[in-house]
Amino acid sequence: MSDLHKLPDELQLATAAHVKYIQGLDTKKDQYEYWLTEHLRMNGLYWGLTALHLLRHPDALPRDETIDFVLSCQHENGGFGAAPGHDAHMLSTVSAVQILALVDGLDELDRRGKGKATTGKFMADLQNPETGTFAGDEWGEEDTRFLYGALNALSLLGLLNLVDLDKAVEHIVACANFDGGYGLTPGAESHSGQIFTCLAALTIAGRMDTVDVDKLGRWLSERQLPNGGLNGRPEKDEDVCYSWWVLSSLAMIDRIHWIDRDALIKFILRCQDTELGGISDRPGNMVDVWHTLFGLTGLSHLGYPGLDTIDPVYCLPKSTLDRVLGTQR
């Protein structure tokens, strides 16, 4: 990264523009796209709030209104929907717990919500007792995203004891492939996103001893393309979001130095809208809050100046994890 100071102005991080972009996301209620994405409202709040913390503007969104919104989405069974009136789902429940962790509001679950124990039970009850994996909701779709999400949120709540960790680990090990990667389910193709969920779950469970580190590191490092960006699997295009999935996985196995850092930093910065803010999947495309967060997490992993440090397992600032988990980590 020795030549970063030589980058042109358009390849410097547009911090102020990104903060303003995120702050404006909930003001566009007269636009069709706002309501079309209502099913992502809880996730989107988590993505935007985490990005603001990384940009060192943690108070850019109002704390009380944030907590009020999260609690308005909770059901009697302890789970959270994506927005008020939406069904409870594992993914929105995980985002809700992460948001409350970010704003130091986890105690509000007991004070004003349905309680930490009820929230934990909602997630724990979605574990398949035979296979160890987790469903996303009562309708039964299963994959490693939900397994990881459950371990993430339950550990933040101090409730990992509610689930069968050994069974969960057995399922993850069954998802491993000959190339060192992991798939959506046993026998499925290796994919960077699923590799992240499996490695992060194994890290939380304390079972990284099951991973073939060098074989996996080679597969992950091969995801970098000549333009500096990363793809999710062989023969696919680059995408900024893999700056999170791939780099976090490499960080967990201590192999981040196996990719070209400067080339990836330049790729991510080329995907910015430096005037209106936000980061897109590729240079010149429309920005969104998902790619904005994962572009920033990539830059954080690479030590880009002016950003807080992201935790590769939880996708939360390390300062948040230190406050919530302390010596438990």
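The values are calculated or read from the model by the stated rules, or taken from the named source; none is laboratory data. Not measured: the values here are computed from a predicted model. Here the Cβ is made from the backbone with ideal geometry for all residues, glycine too, and neighbour counts use every protein chain on show. Side chains included, ligands, DNA and RNA excluded: accessible areas come from the protein's heavy atoms. Shrake-Rupley method; radii C 1.70, N 1.55, O 1.52, S 1.80 Å.
Summary table
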{"quantity": "Stretchable slack from residue 161 to residue 87, in nm (0.36 nm times residue separation minus alpha-carbon distance)", "calculated": "24.1 nm"}
{"quantity": "R0 of 25 Å, Cβ-Cβ distance residue 189-residue 282: FRET efficiency to nearest 0.05", "calculated": "0.65"}
{"quantity": "The stretch 17-75: trypsin sites (Lys or Arg not before Pro) falling in loop per DSSP and having at most 16 other Cβ within 10 Å", "calculated": "28, 29, 56"}
{"quantity": "Calculated P(r) tail over 12 Å for the stretch 128-175, as whole % of Cα pairs", "calculated": "60"}
{"quantity": "Using a Förster distance of 35 Å, the FRET efficiency for residue 76-residue 308 (Cβ separation, nearest 0.05)", "calculated": "0.45"}
{"quantity": "Residue 60 versus residue 257: modelled label distance in nm, points set 7 Å from Cα along the beta carbon direction", "calculated": "3.3"}
{"quantity": "Tensor-based shape of the stretch 221-314 (alpha-carbon gyration tensor, a/c under 1.5 rounded, otherwise prolate or oblate)", "calculated": "oblate"}
{"quantity": "Percent RCO, i.e. relative contact order, over the chain, from Cα pairs under 8 Å lying at least 6 residues apart", "calculated": "18"}
{"quantity": "Linear extension gain, residue 141 paired with residue 178, 0.36 nm per residue minus alpha-carbon span", "calculated": "10.8 nm"}
{"quantity": "Apportionment of accessible area to carbon and sulfur, the chain, percent (1.4 Å)", "calculated": "50"}
{"quantity": "Candidates 237, 281, 308, ranked by Gaussian network fluctuation over the chain, Cα under 10 Å, top entry", "calculated": "237"}
{"quantity": "Stokes-Einstein D for the stretch 1-116, Kirkwood Rh over Cα pairs, 4 °C, 1.567 mPa s (µm²/s)", "calculated": "84"}
{"quantity": "FRET efficiency, residue 233 to residue 274 (Cβ-Cβ, R0 35 Å, nearest 0.05)", "calculated": "0.70"}
{"quantity": "Whole-number percent relative contact order across the stretch 244-303, with pairs defined as alpha carbons under 8 Å at least 6 apart", "calculated": "31"}
{"quantity": "Length-normalised contact order of the stretch 1-116 in % [C-alpha pairs under 8 Å, at least 6 apart]", "calculated": "23"}
{"quantity": "Additional length obtainable on full extension of the chain from residue 214 to residue 23, 0.36 nm per residue less Cα span", "calculated": "64.6 nm"}
{"quantity": "Prolate/oblate/rounded call for the chain, Cα gyration tensor, a/c under 1.5 rounded", "calculated": "oblate"}
